[in-house]
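Visitor: Got a structure here, written out as structure tokens. Questions coming.
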Amino acid sequence: MDLYKIKDNEPAWQSGMSKNITFIVTKDCQLACKYCYLVGKNVKERMSWETAKTFVDYVLEHEDEFREESVVWDFIGGEPFLEIELIDKICDYLKLRMFELNHHWFNSYRFSFSTNGINYHTSEVQSFIKKNREHISIGITIDGTEKKHDLNRVWKQPTADANGLTQPSERGSYKDVVKNIPLWLSQFPDAGTKVTISSADIPYIKESVLHLYSLGIHQVNINVVFEDVWQEGDDARFEEQLMELADAIIDGGWYQDYACSFFSEHIGKSLDPERDNQNWCGAGRMLSVDAAGNLYPCTRFAQYSLRSKKALIIGNIKDGINENLLRPFLTLDRITQSPQKCLDCEVASGCAWCQGENYDAAQTNTIYERSTAICLMHKARVRANNYYWNKLYRKLELEGRREEFEKNERDVKPEIC
Amino acid sequence: MMQYLVILLDDSSVSYCHCDNPHKEHHLIGLDDLRAGILYAMKQNLMIQFVYPDYELPQEYLDVIDTIDHHDIVPHPMKGDVVVAKDLETLTSMQADAVAVLRIGKAELFASGEAIAAILPKVQRLNIVITDIDTFTDDDLKQYNSLLSRLNEVLKEEYLTGHTPQLNLLTDRMMLTKPNHCNAGVENITLAPNGRYYFCPAFYYSNPDDSIDPQAIPNQQLLRLDHAPLCRHCDAYHCRRCVWLNRKTTLEVNTPSHEQCVAAHTERNAARQLLEAIRQKATFMPEVEIKEINYLDPFDVRKEW
């Protein structure tokens, strides 16, 4: 007899054991999404081969400083596939040098991409995928229904503004992305998409998740933006949408083969001050490099990501990392950066934060002030999440499948950033 | 709880800590600002520490200063509660009842072991401030160890004869059973000659735009020990835990640099040796225990906490 199953949220590759190293290959993108945290996107800052090569040499020749078992070479933008030729060259060089150096990452690496999907079908991208098939993860961002997707994910205007920054047009990108989804899923059937929710998106959550399921996407990773964009009443509207989504997933039986990261059994619990004191965010354990050769603890600390603070640069490709600048990141814990209301919160587990957004929103130049802009949204999510699991377990109970489910349930904890 | 108000009487007031004072021009604090600072201290019940320039103040300033209990931090050869030496030579001619401060770079310090050893028996208390501690290298550490060992020899002999000079680098840790940090922004704040408040003089010297409202300090909790992830586990109790140096080297006021931690632990371990050496000959500070440890930077053992 087949085991009764419920689709769990997929953990990341080599979760917790890999080093994430990110190339910001370009700060350009075909789109100008309205919720994008990259406030400084532009067409000028494209990484050169010399910069990429120097960075690769620095990382691989300092093996002692990068002892993680595995590595994820991450390529982001803007839109990374705008620089597919450079990426191809970098990846070839990475493979060659890891082999030549007998580097411990040679047999444990991945190339990872988050793309808007527009160029996915091109011969250059397809050729690259074919060449590196066993070592690639690609996530295409599609936000849901055409209406929801096009609400935010719009093409940029053909010309930049006076400061060289891209500006949004009225033209949505849904049709340009959705045409590539079948090809993507045929190559990466287990791939997930990442959906971002801002205030205006709330009414479309349910239909969007179900739409993505109907496209054949089994894993929908979805989160609310960390920025302080929320309006009065958004939490109630959010809770209502999630409850409707819960009904649809359970009543429609989607839960068996499809997952939505909004629903997790691990969220909404109180946290122990000692046992659960770890930082949520991985900033500082990651490493990013931009076109200028500057190094960052995460891309969110590059200038194009910051609204109100200066870039937090921890080194450069010539001089390497200033280890003193990493110390605050590597000693960050939940208690030290959280306000009292978070420490007292009875539904604290799963409430995420982004260190870059914390830094950007802080009263002073610190990464030690946790932004709580999503507080009400998290609490709304917890209420809907409780509803989801209570309803699902009752259904399983009535069907006589609960015990079987609990026995076979995988212990998947929420992924940190 | 706030306890002290430091008032810099002039832009050229003497520096007594890690940060150099880049101001050379004389620019006295306004009399109204001085009076306001004193009034603030009276209302908040703060002890005032006046920091003087190297010239005689106008009588009207001295009259205002005399309206409140205070301590004086002065440059040599002025008389005060704390006297900052210009150099090693001036140390020898200092008043015996004052706390002497010597600001010195590491190269000169390492070359001055015998001179300092000769001075120690003549002082009541000497604070050595290493002005470039953030540049300590492994080689510097070896030299620093040698210097502290040499000074330990002198201190041991003095203590065994009943004379107990204090040297901040060695004897403070030997006497402490709990942290004794600077606590700028938590226990003390500074009024600068521009009439604005700062965490400490160094914040004013390095960037006059870094002023604060003493009644509403944003993220003040980050200045406290309980919000310093490394320091709250640390037993180098004598370390000043300088928030200005922290911010300069790590960009965060609550995180010290590797170099600061290593220097402080080198002093801590030397203090442990001094304590043991004295105890081999006499009963001394039985309530103090300095454990043997196998690290110099708490960052390296953070996962054990």
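Visitor: Taking every residue in A:363-370, how many Cβ atoms of other protein chains lie within 10 Å of its Cβ, on average?
Guide: For peptide A:363-370, the averaged partner shielding equals 5.
Visitor: What is the mean number of Cβ atoms from other protein chains located within 10 Å of the Cβ atom of each residue in peptide B:220-230, rounded to a whole number?
Guide: 3
Visitor: If you don't mind, there's one more thing I want to ask. With a point put 7 Å past each Cα toward its Cβ, work out how far residue B:86 is from residue A:389 in nm, to one decimal.
Guide: Placing both labels 7 Å along Cα→Cβ, they lie 7.3 nm apart.
Visitor: Averaged over peptide B:292-300, how many Cβ atoms belonging to another chain are found within 10 Å of each residue's Cβ?
Guide: Shielding by partners across B:292-300 averages 1.
Visitor: Using modelled backbone amide H atoms (1.01 Å from N, in-plane), which distant-in-sequence or interchain residues come within less than 5 Å of residue A:29's amide H?
Guide: A:79
Visitor: With only alpha-carbon atoms in the gyration tensor, what are the semi-axes of the equivalent ellipsoid for segment B:4-175, in Å, largest first?
Guide: Equivalent-ellipsoid dimensions as semi-axes: 33, 18, 14 Å.
Visitor: Then there's this: Restricting to DSSP loop positions (anything but H, G, I, E, B) with no more than 11 other Cβ atoms inside 10 Å of their own Cβ, which trypsin sites (Lys or Arg not before Pro) remain in segment A:202-291?
Guide: Within segment A:202-291, the qualifying trypsin sites (Lys or Arg not before Pro) (loop, at most 11 other Cβ atoms within 10 Å) are A:275.
Visitor: Within 10 Å of each residue's Cβ, count the other Cβ atoms and sort A:169, A:338 from fewest upward.
Guide: Starting with the residue having the fewest Cβ neighbours, the order is A:169, A:338.
Visitor: Between residue A:352 and residue A:53, how high is the FRET efficiency from 1/(1 + (r/R0)^6) when r is the Cβ-Cβ distance and R₀ = 35 Å? Nearest 0.05.
Guide: Efficiency at R0 = 35 Å is approximately 0.50.
Visitor: Segment A:58-97: which trypsin sites (Lys or Arg not before Pro) are DSSP loop and have at most 15 other beta-carbon atoms within 10 angstrom?
Guide: The qualifying sites are A:67.
Visitor: Here is a further query. If you take the C-alpha gyration tensor of the protein assembly as shown, multiply each eigenvalue by 5 and take the square root, what semi-axes do you get, largest first, in whole Å?
Guide: Taking √(5λ) for each Cα gyration eigenvalue gives 56, 28, 27 Å.
Visitor: Non-local amide H neighbours of residue B:240 (under 5 Å, H modeled in plane, Pro and chain starts lacking H): which ones?
Guide: none
Visitor: Kyte-Doolittle mean at least -0.5 and Cα extent at least 18 Å along the axis: which DSSP H helices of chain B qualify?
Guide: Correct list, ordered by number: B:31-44.
Visitor: Grab the other residues whose beta carbon is less than 12 angstrom from that of residue B:16, score K and R as +1, D and E as -1, and report the net.
Guide: -1
Visitor: Testing the spin-label approximation: label points 7 Å from Cα along Cα→Cβ at residue B:117 and residue B:141. State their distance in nm.
Guide: 2.4
Visitor: Still on this structure, I have one more. Estimate the FRET efficiency between residue B:304 and residue A:404 by the formula 1/(1 + (r/R0)^6), using the beta-carbon distance for r and 60 Å for R0, to the nearest 0.05.
Guide: Approximately 0.90, to the nearest 0.05.
Visitor: With contacts defined as alpha carbon pairs under 8 Å and 6 or more residues apart, what's the relative contact order of chain B in percent?
Guide: This gives 18 percent for chain B.
Visitor: Among A:395, A:19, B:303, what is the fewest-to-most ranking by other Cβ atoms within 10 Å?
Guide: By the 10 Å Cβ count, ascending, the order reads B:303, A:395, A:19.
Visitor: Something else about it: For segment B:60-134, taking Cα atoms only, what is the radius of gyration to one decimal and the Dmax to the nearest whole Å?
Guide: That works out to 14.2, 44 Å for Rg and Dmax.
Visitor: What net charge is computed for the residues neighbouring residue A:115, neighbours being all others with C-beta under 11 Å from the C-beta of residue A:115, Lys and Arg scored +1, Asp and Glu -1?
Guide: 0
Visitor: Between residue A:365 and residue B:221, what is the label-to-label distance in nm when each label sits 7 Å out along the Cα-to-Cβ direction?
Guide: 2.3
Visitor: Taking other Cβ within 10 Å of each residue's Cβ, how do B:186, A:43 sort, fewest first?
Guide: Exposure proxy ranking, most exposed first: A:43, B:186.
Visitor: Could you work out the Kirkwood radius for segment B:184-256, taking every pair of different alpha carbons, averaging 1/r and inverting it, reported in Å?
Guide: With all distinct Cα pairs of segment B:184-256 included, I get 12.7 Å.
Visitor: Hey, another quick one. Net charge around residue B:257, counting only other residues with Cβ within less than 14 Å of its Cβ (Lys, Arg = +1; Asp, Glu = -1)?
Guide: -3
Visitor: Could you please tell me the mean projected area of the C-alpha convex hull for segment A:270-379, averaged over all directions and given in square nanometres to one decimal?
Guide: One quarter of the hull surface, i.e. the mean projection, equals 7.1 nm².
Visitor: Using only alpha-carbon positions, what ratio does the radius of gyration of chain A give when scaled by 2.2 N^0.38 Å?
Guide: Scaled against compact globular proteins, the figure is 0.98.
Visitor: Okay, moving on. Please report, in whole Å, how far the alpha carbons of chain B spread along each principal axis, starting with the longest.
Guide: Computed over chain B, the largest-to-smallest principal extents equal 57, 46, 34 Å.
Visitor: Pull up all non-local amide H partners of residue B:84: gap of 5 or more, or a different chain, and H-to-H distance under 5 Å with H placed in the peptide plane.
Guide: Those qualifying (amide H under 5 Å, at least 5 residues apart or on another chain) are B:74, B:76, B:101.
Just so you know, all these numbers are worked out from the coordinates, no wet-lab data involved. On a predicted model such as this, the values are computed, not experimentally measured, just so you know. Every residue, glycine among them, receives a Cβ derived from its backbone with ideal geometry; neighbour counts consider all protein chains shown.
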